[in-house]
Amino acid sequence: MRKKVAVLMGSDSDLPVLKGAINTLKEFGINTEAHIMSAHRTPSQAIKFASDAKSNGFGVIICAAGKAAHLAGVVAAHTTLPVIGIPMNSGALDGLDALLSTVQMPKGIPVATVAIDGAANAALLAVQILAVYDEELAAKLQEKRANMTNEVLEKDMKLQTEL
Ligand code: RP5
């Protein structure tokens, strides 16, 4: 049975960006659960979700948060599942605050951090993690990359005709 992916976000204001991750996961047929959950505003809920995630059938947890972003770190501290952090551009510092808060985890509790607002890559990385033991998913990833390659080649061909 394929594992689920959780998409946690610190605020509903993060949702427009997170929709990109949720859509990408759905595109791969991954059973996805999304929740608004904050390390600061709902700390006990976040800790409970993380602690129960493995036994609830999740394989990867994506955590998006902005400003002093602790969600990914707190969740990672309460599970051995891989945690992917998305630093959100939601403050005066254009996401640099969240990037440093998410990426600079002290040793022992890793958070795989993607780019600021990097929702699509977070989803793809989650799929890649699940694809280690899932050939069907691995084949879908290969197909997506081949499509991407073809799109770029087509754009290049078009450029050559325009120059
Ligand atoms: C973080 O603070 C959230 O992840 C969000 O990116 C940011 C701002 O939240 P709101 O004030 O819009 O709820 O916790």
Treating only Lys and Arg (+1) and Asp and Glu (-1) as charged, each at its beta carbon, one finds that the chain has a dipole about its Cα centre, in Debye to the nearest 20, of 500
Charge tally for neighbours of Leu130 with beta carbon under 15 Å away, counting Lys, Arg as +1 and Asp, Glu as -1, is +2
The chain: relative contact order from alpha carbon pairs under 8 Å, six or more residues apart, as a whole percent, is 21
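Which of rounded, prolate, oblate describes segment 63-157, given a ≥ b ≥ c as roots of the alpha-carbon gyration tensor eigenvalues and a/c under 1.5 marking rounded, otherwise prolate only if a/b is larger than b/c?
oblate
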So the carbon and sulfur contribution to the accessible area of the chain, 1.4 Å probe, in percent, is 57
Expected max-MSF residue from Pro16, Pro82, Pro110 in the GNM of the chain (alpha carbon, under 10 Å) is Pro16
Distance in Å, no decimals, from the C-alpha centre of segment 8-38 to the one of segment 119-137 is 15
Averaged per residue, the 1.4 Å probe accessible area of the chain, protein heavy atoms only, in Å², is roughly 57
By the mean-Cβ-within-10 Å protection proxy, highest first, 40-51, 119-130, 141-152 rank as 119-130, 40-51, 141-152
Taking a ≥ b ≥ c as the square roots of the eigenvalues of the Cα gyration tensor, with a/c under 1.5 meaning rounded and otherwise prolate when a/b exceeds b/c and oblate if not, segment 1-70 is oblate
Yeah, the chain with a ≥ b ≥ c from its alpha-carbon gyration tensor (a/c under 1.5 is rounded, else prolate when a/b outruns b/c, oblate otherwise) is oblate
Surrounding charge for Thr79, neighbours by C-beta under 12 angstrom, Lys/Arg +1, Asp/Glu -1, total +1
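The values are calculated or read from the model by the stated rules, or taken from the named source; none is laboratory data. Computed from a predicted structure; not experimentally measured. Counting neighbours? That spans all protein chains shown, and the Cβs are built from the backbone with ideal geometry, glycine included. Remember, those area values only see protein heavy atoms, side chains included, never the ligands or the DNA or RNA. Shrake-Rupley method; radii C 1.70, N 1.55, O 1.52, S 1.80 Å.
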